[in-house]
């Protein structure tokens, strides 16, 4: 059995992280649904040209942000980031788990659970009340993981008109951290 090690991102991880992210997203786009494949490809391109273009600036120099990789046998097999959320109502109260991806060959071995735990510890250590995240309806294994770690589904939306017509949704999750008071319902 391979031993795993979580550590903070280093510049030499750049290509491995970007490739892992792209593969992880694109494998969820059903080949028979051209719109979803285009949307997934567009999403990957947008991420690779924004925060994943300069991971150090986006996550390691920014306050209350971090980026970790998990290694096995010297190779990057998983990744996750945390940052202040986009939603202004959550800023200062929660941090957002982002960019979770695990190599297909390492799924079901506790890699994502360990990375999720790292994010929860990071947020708790900084005094945040919660961690929030978004995931798509097709990422069923991710939903199960997050729910097993204490996340509750708190909302859903369709990212486009066509998404609405096809009943495609993005789910929002929230995990209230122990020892903190839960945020009031909205």
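Which pairs have Cβ atoms under 7 Å, sit 6 or more apart or on different chains, and link a residue in segment 57-78 that is in contact (Cβ under 8 Å) with a residue 60 or more places away in the chain and on the phi > 0 side of the Ramachandran plot to one that is crowded, with 18+ Cβ neighbours inside 10 Å and not in a loop (DSSP other than H, G, I, E, B)?
64/95
Condition check: surrounded by 14 or more Cβ atoms within 10 Å (Cβ to Cβ) and without any contact (Cβ under 8 Å) to a residue 60 or more places away in the chain. Does residue 112 satisfy that? Steps first, please.
On the way: surrounded by 14 or more Cβ atoms within 10 Å (Cβ to Cβ): yes; without any contact (Cβ under 8 Å) to a residue 60 or more places away in the chain: yes.
Taking the combined requirement at face value, the residue satisfies it.
Just to check your reading of the model, which residue among 126, 91 is surrounded by fewer than 22 Cβ atoms within 10 Å (Cβ to Cβ) and either touching a residue at least 12 places away in the same chain (Cβ under 8 Å) or touching a strand residue (DSSP E or B) at 6+ places or on another chain (Cβ under 7 Å) (or both)? Break it down into steps so the answer makes sense when it comes.
Details: 91 fails: either touching a residue at least 12 places away in the same chain (Cβ under 8 Å) or touching a strand residue (DSSP E or B) at 6+ places or on another chain (Cβ under 7 Å) (or both).
Going through 126, 91 in turn, just one is surrounded by fewer than 22 Cβ atoms within 10 Å (Cβ to Cβ) and either touching a residue at least 12 places away in the same chain (Cβ under 8 Å) or touching a strand residue (DSSP E or B) at 6+ places or on another chain (Cβ under 7 Å) (or both): 126.
So if I check each of 12, 46, which one is at pLDDT below 90, part of a helix (DSSP H, G or I) and out of contact with any helix residue (DSSP H, G or I) (no Cβ under 8 Å at 6 or more places or on another chain)?
Working: 12 fails: at pLDDT below 90.
Exactly one of 12, 46 is at pLDDT below 90, part of a helix (DSSP H, G or I) and out of contact with any helix residue (DSSP H, G or I) (no Cβ under 8 Å at 6 or more places or on another chain), namely 46.
Does residue 56 satisfy the criteria of being under 24 Å from residue 12 (Cβ atoms), at pLDDT 95 or above and loosely packed, with under 14 Cβ neighbours inside 10 Å? Let's see the steps before the verdict.
Numbers: under 24 Å from residue 12 (Cβ atoms): yes; at pLDDT 95 or above: yes; loosely packed, with under 14 Cβ neighbours inside 10 Å: yes.
Yes; evaluated as a whole, the condition is true for this residue.
If residue 64 passes every condition in (1) surrounded by fewer than 18 Cβ atoms within 10 Å (Cβ to Cβ); (2) over 22 Å from residue 174 (Cβ atoms); (3) at pLDDT 95 or above but one, which one does it miss?
(2)
Might you check whether a residue that is surrounded by fewer than 17 Cβ atoms within 10 Å (Cβ to Cβ), closer than 22 Å to residue 64 by Cβ and touching a residue at least 24 places away in the same chain (Cβ under 8 Å) occurs anywhere in segment 139-148? Spell out how you get there, then give the answer.
In the first step, residues of segment 139-148 are kept if they are surrounded by fewer than 17 Cβ atoms within 10 Å (Cβ to Cβ); the result is 140-141, 144, 147-148.
Okay, now just the ones that are also closer than 22 Å to residue 64 by Cβ, so none.
So far as segment 139-148 goes, no, none of its residues is surrounded by fewer than 17 Cβ atoms within 10 Å (Cβ to Cβ), closer than 22 Å to residue 64 by Cβ and touching a residue at least 24 places away in the same chain (Cβ under 8 Å).
Are there any helices (runs of 4 or more DSSP H) wholly within segment 89-186 with 2 or more residues that are modelled with pLDDT of 90 or more, and if so which?
Values: elements: 111-125, 140-148, 161-165.
Passing ranges, in order: 111-125, 140-148.
Given (1) crowded, with 19+ Cβ neighbours inside 10 Å; (2) outside any loop (DSSP other than H, G, I, E, B); (3) at pLDDT below 90, where does residue 80 come up short, assuming only one miss?
Checking residue 80 against (1) crowded, with 19+ Cβ neighbours inside 10 Å; (2) outside any loop (DSSP other than H, G, I, E, B); (3) at pLDDT below 90, the one that fails is (3).
The values are calculated or read from the model by the stated rules, or taken from the named source; none is laboratory data. Just so it is clear, the structure is predicted and the values come from calculations on it, not from any experiment. Quick reminder, even Gly has a Cβ in these numbers, built from the backbone with ideal geometry, and neighbours come from all protein chains shown.
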